[in-house]
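Taking it in order: structure first as structure tokens, then the write-up.
The values are calculated or read from the model by the stated rules, or taken from the named source; none is laboratory data. Predicted model, so just to flag it, every value in this text is computed and none were measured. For neighbour counting, all protein chains shown are included, and Cβ atoms are generated from backbone atoms with ideal geometry for every residue, glycine included.
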Amino acid sequence: MATTVMTTLPQFNGLRPKFSTSPAPTLAAVQPMRRKGNGALGARCDFIGSSTNLIMVTSTSLMLFAGRFGLAPSANRKATAGLKLETRDSGLQTGDPAGFTLADTLACGTVGHIIGVGVVLGLKNLGVL
């Protein structure tokens, strides 16, 4: 049997407490949490070919392609003041013929994800996505 506890629990609305004299709900009377709206940070489990997934895969793949084939700076190719890429020895060992290291893979993947998130959030803000 569920019993009702007659205590006043503070309710918070922002930073100011609002005291209520209504009885506190017990475990048996707790209502399930209802789902709030589909906000900007709402996670959706769409299918693999969804537009968000395609944007993220494309942006990350393009950035990895640019890093691997010398179109972006990497550990073995630094950018000069005129934005020209010049080869240098970083001291990192790699088995890749182009000299693409683990650090390059992580850095290019991170930048690709940042670009993808920017595109997704920008399109969502415009209402296209």
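What the table below lists for this structure:
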| read-out | value |
| --- | --- |
| Candidate set from region 80-129 (those that are of a type in the set (D, E, K, R) and under 18 Å from GLY67 (Cβ atoms)); member that is modelled with the highest pLDDT | ASP104 |
| Among (1) farther than 30 Å from LEU129 by Cβ; (2) modelled with pLDDT of 70 or more, the one test that ARG68 misses | (1) |
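The rows are residues; the columns are (1) of a type outside the set (Asp, Glu); (2) surrounded by 14 or more Cβ atoms within 10 Å (Cβ to Cβ).
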site	(1), (2)
THR58	yes, yes
ARG77	yes, yes
LEU83	yes, no
GLU86	no, no
ASP96	no, no
ALA107	yes, yes
